[in-house]
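The values are calculated or read from the model by the stated rules, or taken from the named source; none is laboratory data. Nothing here was measured: the structure is a model prediction, and the numbers come from that model. Using ideal geometry, Cβ is built from the backbone for each residue, glycine included, and neighbour counts are taken over all protein chains shown.
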Amino acid sequence: MGQGRGCRGLAVLGESRRALHGHIPKEKSATGRHALFSLFVDARKVTATVNGRTLKGQPVPREFAGRQSSTAFLAYSETWIRV
C-alpha cells in the first residue's frame, strides 16, 4: 500500500461483519456542535502489518450509534454538519 517516511508498507486485513450507518445528533457527537451522518463497516478480526511485521492487539466490543460494534472498523463516509 502507501509508503511514508520510515514506513515501507502498511497492510490492514479484516473480516467484515456488517455495515453500520446512521445519524449521530450534535448532542452525542464528539464536538457537541456537529451532527454526523456516516457509513462504517466493523470487523471481528483485524491484522495490521507494518514493514512485514504483524502488530499486536485485537479489537474489543463496543457500542456505536446504539448498536453493538467493535473498535475496528472502516469509515467509508463521514459527513459532519454544523448545527
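Take the conditions surrounded by 14 or more Cβ atoms within 10 Å (Cβ to Cβ) and either among the hydroxyl-bearing types (Ser, Thr, Tyr) or within 16 Å of ILE24 (Cα to Cα) (or both) and apply them to PHE73. Does it pass?
Details: surrounded by 14 or more Cβ atoms within 10 Å (Cβ to Cβ): yes; either among the hydroxyl-bearing types (Ser, Thr, Tyr) or within 16 Å of ILE24 (Cα to Cα) (or both): no.
Judged against the criteria, PHE73 is not a match.
In the range 43-69, which residue that is outside any strand (DSSP E or B) and of a type outside the set (A, V, I, L, M) is nearest to HIS23 (Cα to Cα)? This residue is GLY66. If a residue has to be under 15 Å from the mean Cα position of the chain (by Cα) and either part of a loop (DSSP other than H, G, I, E, B) or of a type outside the set (Val, Ile, Thr) (or both) to count, how many in the range 22-42 make the cut? Matching residues across the range 22-42 total 8. Out of LEU36, LEU20, LEU10, one residue alone is aliphatic (A, V, I, L, M), at pLDDT below 80 and closer than 18 Å to GLY66 by Cβ. It is LEU20.
Would you confirm whether any residue within the range 47-66 is touching a Gly at 6+ places or on another chain (Cβ under 9 Å), among the aliphatic types (A, V, I, L, M) and over 30 Å from GLU27 (Cβ atoms)? Within the range 47-66 (the criterion being touching a Gly at 6+ places or on another chain (Cβ under 9 Å), among the aliphatic types (A, V, I, L, M) and over 30 Å from GLU27 (Cβ atoms)), the answer is yes, since at least one residue qualifies.
Reported count of residues in the range 50-64, each being loosely packed, with under 14 Cβ neighbours inside 10 Å and in contact (Cβ under 8 Å) with a residue 24 or more places away in the chain, is 2.
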